[in-house]
Amino acid sequence: MLSLPILTFHSLDDQGNVISFSPAVFRRAMGKLHENGYRTLTLTDAVMTLRHSRPLPDHSFVITFDDGYHSVYQQALPVLREYGMCATVFLTVGETATTESTSRLPALGGRSMLSWGEIREMAKYGFEFGAHTLTHPDLTRLPTDRVAAEICRSKTIVEEQLGSSVTCFAYPYGRYDRRSREIVRQHFGCACSDKLGLTTKESDIYALERVDAYYLRSDRLFDVMLTRSFPWYIAARSIPRWIRRAISFRMSDRPRA
């Protein structure tokens, strides 16, 4: 296998916005992938395979969830357990954390978040947890000391809560710069960016490509993953996204009056 899909989900719900993904479509999609011999890897296992230039198992893929919404426990966990699958969940932990099992991560976008008790339970079922900063800022717009605090403190909190090392990170909004990438490189084994694409052995492991589930949001679109057209579909969808990002970058880089 020459390339690896790293799928990105946020919340499994029917609210219909950009971070929503239908729970019913998710269940059908995972069932179809399972029927066709697909298997999941944690992000850390996938990166270790790439780092050592070992071939990726055929039909392997990675499932990631950003932010830590409660729907990962409610909707994703039962489905993934049924099909013997795992996922990597990036947690936005807040600036303080308690050891109470019922304590939940700070709400984002009005949605309920995971509790530490649920996170620990999911870890027992083989879910991997990574850091996603304290407060979910755009790291490219912060002073360097705050960038370091957001990255390093979030790692420490997750490690203290789970009693295990945290090796992966996801940049909020997928945005990073030289400073944030260097800080992440010093403390993590890999990181996910906002690049839309498939991961290969040539990928930058501190700016990994992912496939946002927004581009697979219906049964028909998700079925493309089972075909040879999937890499071409993702490549085609990445072009307008790249153009929008380039324009946005140029606009933000203009001198202000």
- Hits in segment 168-209 (condition: free of Cβ contacts under 8 Å to residues at least 60 places away in the same chain and farther than 23 Å from Leu134 by Cβ): Lys195, Leu196, Gly197, Glu202, Asp204
- Note on the structure: Being touching a helix residue (DSSP H, G or I) at 6+ places or on another chain (Cβ under 7 Å), assigned to a helix (DSSP H, G or I) and under 30 Å from Ala97 (Cβ atoms) narrows Ser154, Ser165, Ser180, Ser193 down to just Ser180
- Here are some residues: Arg245, Arg250, Arg241. Which one is modelled with pLDDT under 95, part of a helix (DSSP H, G or I) and closer than 24 Å to Leu12 by Cα? Arg241
- Task: Could you check how many residues of segment 20-46 are out of contact with any Phe, Trp or Tyr (no Cβ under 6 Å at 6 or more places or on another chain), aliphatic (A, V, I, L, M) and under 21 Å from Arg220 (Cβ atoms)?
- Result: 3
- Item | Which listed residue is more than 15 Å from the chain's Cα centre (by Cα), modelled with pLDDT of 95 or more and acidic (Asp, Glu), from Glu182, Glu209 | Glu182
- Message: So in segment 130-146, with the set limited to residues that are in a helix (DSSP H, G or I) and in contact with an Asp or Glu (Cβ under 9 Å, 6 or more places away or on another chain), which one is nearest to Val72 (Cα to Cα)?
- Response: Leu139
- Task: Hey, could you check segment 93-129 for residues that are hydrophobic (A, V, I, L, M, F, W, C), surrounded by 14 or more Cβ atoms within 10 Å (Cβ to Cβ) and in a loop (DSSP other than H, G, I, E, B) and say which is modelled with the lowest pLDDT?
- Result: Ala97
- Query: Is it the case that Ser218 is exposed (fewer than 14 other Cβ atoms within 10 Å of the Cβ), modelled with pLDDT of 95 or more and more than 21 Å from Leu41 (Cα to Cα)?
  - Reply: yes
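The values are calculated or read from the model by the stated rules, or taken from the named source; none is laboratory data. Remember, it's a predicted structure, so these values are computed and weren't measured experimentally. Here the Cβ is made from the backbone with ideal geometry for all residues, glycine too, and neighbour counts use every protein chain on show.
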